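Let me begin by presenting the structure, written as structure tokens, before commenting on it.
The values are calculated or read from the model by the stated rules, or taken from the named source; none is laboratory data. This one's a predicted model, so the numbers in the text were calculated from it and none came from an experiment. Please note: Cβ atoms are built from the backbone with ideal geometry, for glycine as well, and neighbour counts cover all protein chains shown. Accessible surface is based on the protein model in full, side chains and every heavy atom, while ligands, DNA and RNA are left aside. Shrake-Rupley method; radii C 1.70, N 1.55, O 1.52, S 1.80 Å.
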Amino acid sequence: MESLNIMLFDKINGLAVTHLILNNFMIFIAKYGVFIIPIILVFLLIRKDYKNFLFVGSSIALALLVGYITKDLFYHPRPFAMGLGYDLVKDSNTSSFPSNHTVAMFALATALFLIDKRLIGAISLIFAVLVGVSRVYIGVHFPFDILGGIVYGVALTLLFYLIFPKIYEILAKRYNLKGA
């Protein structure tokens, strides 16, 4: 499995040497693509869509929490820490699995689809894929880190979707929220 992960990493990250024009775009997406999250959350707040704001924000927070716990429990070195590939961006030498950028982006896209925000969900999904690929491209993650991020983001958001109505009902009664 590790050899497949490294081979796929080499193929994707190796593009950085032959596609120099793409490098700045990939660096930008890898570093700043996640800023779509606060933009969408602010948009939901402006529209006074508090229930969906809570669901989307909490889904992302839960998925990231599990991602960070996983990083702490199961260390896997980043490619540059193993002397692999082309490191376009200096990053911390924390565990590479899972890619929390990818976790957050796929939690966002999944949550938006679940609340019937299909257009913005589709746009977020495109951003999620770009962020995941760009993290490998710039040399800070392996492809399986991205795959793990996708699984965490989607699965944890789907699980949270099952229990959120009860949580929201409790919060709505306690804090007199609309839509309870």
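List the trypsin sites (Lys or Arg not before Pro) in the stretch 64-131 that DSSP assigns to loop (not H, G, I, E or B) and whose Cβ has at most 16 other Cβ atoms within 10 Å. Which are they?
Here the sparse-neighbourhood loop sites are LYS90.
Of all accessible surface on the chain at a 1.4 Å probe, what whole percent is carbon and sulfur? Mind showing how you got there, number by number?
Numbers: 7000 of 9780 Å².
Carbon plus sulfur share of accessible area: 72 percent.
Cross-link candidates for LYS11: which lysines have Cα within less than 27 Å, leaving aside residues fewer than 8 places away along the same chain?
LYS31, LYS71, LYS90
Would you calculate the convex hull of the Cα atoms in the chain and tell me its volume per residue in Å³?
Here the figure is 119 Å³ per residue.
Output the relative contact order of the chain, whole-number percent, from Cα pairs under 8 angstrom with separation of 6+ residues.
Computed value for the chain: 30 percent relative contact order.
Classify the stretch 20-100 from the C-alpha gyration tensor, please: rounded if a/c falls under 1.5, else prolate or oblate depending on whether a/b exceeds b/c. Walk me through the intermediate numbers first.
Values: a/c = 4.95, a/b = 1.53, b/c = 3.23.
In terms of gyration-tensor shape, oblate.
Given the Cα-Cα distance of GLU2 and LEU45 and 0.36 nm per residue of separation, how much length would full extension add, in nm?
Gain on stretching GLU2 to LEU45: 11.2 nm.
Kirkwood hydrodynamic radius for the stretch 1-57: how many Å is it when counted over pairs of different Cα atoms?
Roughly 14.2 Å, rounded to one decimal.
When you count, for each residue, the other Cβ atoms within 10 Å and take the mean per peptide, how do 100-108, 125-133, 76-84, 1-9 rank with the highest first? Don't skip to the answer; put the middle values down first.
Numbers: 100-108: 28.7, 125-133: 20.2, 76-84: 17.0, 1-9: 12.9.
The most tightly packed comes first, giving 100-108, 125-133, 76-84, 1-9.
Compute the separation of the alpha-carbon centres of the stretch 25-47 and the stretch 117-146 and state it in Å as a whole number.
12 Å
Could you grab the Rg to Rh ratio for the stretch 76-179? Cα atoms only, Kirkwood for Rh. Don't skip to the end; give the middle numbers.
Values: Rg = 17.0 Å, Rh = 15.1 Å.
For the stretch 76-179, the value is 1.13.
Can you tell me the accessible area per residue over the stretch 25-171, all protein chains present, probe 1.4 angstrom, in square angstrom? Working shown, then result.
Working: 7100 Å² over 147 residues.
Heavy-atom SASA per residue in the stretch 25-171 reads 48 Å².
Give the cross-link partners of LYS117 among the lysines, using a straight C-alpha distance below 23 Å as the criterion and excluding same-chain residues fewer than 8 apart.
LYS117 reaches LYS48, LYS51, LYS166, LYS178.
Measure nothing fancy, just the Cα-based angle from helix 118-137's long axis to the longest principal axis of the chain, in degrees from 0 to 90, nearest 10.
30 degrees
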